[in-house]
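The values are calculated or read from the model by the stated rules, or taken from the named source; none is laboratory data. Given the structure is predicted, the values throughout are model-derived calculations rather than measurements. Cβ placement follows ideal geometry from the backbone for every residue including glycine, while neighbour counts extend to all protein chains displayed. Only protein heavy atoms, including side chains, enter the accessible area calculation; ligands, DNA and RNA are left aside. Shrake-Rupley method; radii C 1.70, N 1.55, O 1.52, S 1.80 Å.
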Amino acid sequence: MDRFDTTGYSCSRRAPQHSQLICCLNSVRSINAGLHHRLHARTCTDLVTPNTQTRLLRQIILKEKLYIILAVATILVECTDATRILALNEEQQNCATAANTSIYAAAAFTDKEMSVLQQLVLQTKGQETTYDRTLVMRALAIREHKARMLVFGCGRDSVFWAKHMNRHGETVFLEDNKEWAALNVGLKTHLVKYNTAPLQTWLDKMDADAASADRHNAWTPLNEQQIASLSITGAPAGLFEQWWDVILVDAPMGFVPTEHPGRLAPIYMSASMLARQRARRPCAAVDVFVHDFDRRAEREWALTFLTPHSRLVNAADGLALQRAKQGGGTVDGAKYMAWFHSP
């Protein structure tokens, strides 16, 4: 049936879902009103003697109870279906909105923010560039500067992120260098230790895996010892189980592979957090930024562990950077900030 009728109140299943919900509520009200009216009418006209009155009243009540149970059950089924459809439609709309990264381009910056940005670029040549920082700035501006932001690494731009771009939100920094951590007094900074082996160890593993699988940059599953070596000690308990809207991976150092651990542990931890967060809220927007993505280890590691839960938005920029470097040129310092977005 396309329609259901209850005491004169008709509801169409083809009507908008919110109208169906209103219809369901009104139908229940109509049932109550109709029941009261029928009971009153029949007891006034049909009852003659007290005995007859008692017998007929019991019959009427029994019939009306069965009637109202069936009618309300039918309406509740309709209401439940309409509620489910509403929830499903809302979830789909939220997912579509969260997945639309084109809205980030409309993010506006104040003159003060742009002035501080230009000063940072001049002070930190060879580090994060204008392009790199603008990506992160858009993710914070689109959230009205009140995001929950987790940053792996401290630097000259830490105050910029915490006090300017995320001034209404919460920004937490994890730093393994005591000197850099000491430069950011007054910020939520935690001194941590990365237990990762030097980057060269992982580069050798990448080469061995690629050779054994007879294809470039193949990965074999990590064993327990390798996973344990990716742990980060010193972070507050439960920090990695909390919700983070924006994650910036900009530490630890990795430009000397035989000495530095690189960003493998923060990337692996970010992927773990992203997986948990997607399980909790599949349609919530989360942005993960990985700096120095032009380095082979960081690039292959991020693509392996982050892409199952997110997508690389600015892949074309990375390809352009690689071509420029292969041709002997540079692109704004030859750095690359990768932007992973979920959903």
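Taking only C-alpha pairs under 8 Å that are 6+ residues apart, what is the relative contact order of the stretch 125-284 in percent? Before the final figure, lay out each step's value.
Details: 222 pairs, mean separation 38.7, N = 160.
Relative contact order comes out at 24 percent.
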Worksheet item: If you count, for each residue, the other Cβ atoms within 10 Å and average over each peptide, how do 248-256, 260-268 line up from highest to lowest?
Response: 260-268, 248-256
Discussion item. What are the extents of the Cα atoms of the stretch 134-200 along their three principal axes, in Å, largest first?
Written reply: 38, 27, 17
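Could you please state how large a percent of the accessible area of the stretch 169-251 is carbon and sulfur, counting protein chains only and using a 1.4 Å probe? Kindly include the intermediate steps, with their values, before the conclusion.
Details: 2280 of 4330 Å².
Of the solvent-accessible surface of the stretch 169-251, carbon and sulfur hold 53 percent.
For the stretch 97-165, state which GluC sites (Glu not before Pro) are in a DSSP loop and have at most 14 other beta carbons lying within 10 Å of their beta carbon. Write down the numbers at each step before the final one.
Details: sites: E113, E128, E144; in loops: E128, E144.
For GluC sites (Glu not before Pro) across the stretch 97-165 that sit outside H, G, I, E and B with at most 14 neighbouring Cβ atoms in 10 Å, the list reads E144.
If you average 1/r across every pair of different Cα atoms in the stretch 156-248 and take the reciprocal, what Kirkwood value do you get, in Å?
Values: mean 1/r = 0.0623 Å⁻¹.
One over the average 1/r among Cα pairs gives 16.0 Å for the stretch 156-248.
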Worksheet item: Relative contact order (percent) for the stretch 216-278, with alpha-carbon contacts under 8 angstrom and 6 or more residues of separation?
Response: 29
Fill in: Contour minus Cα-Cα distance for F255 and T97 (0.36 nm per residue)
53.1 nm
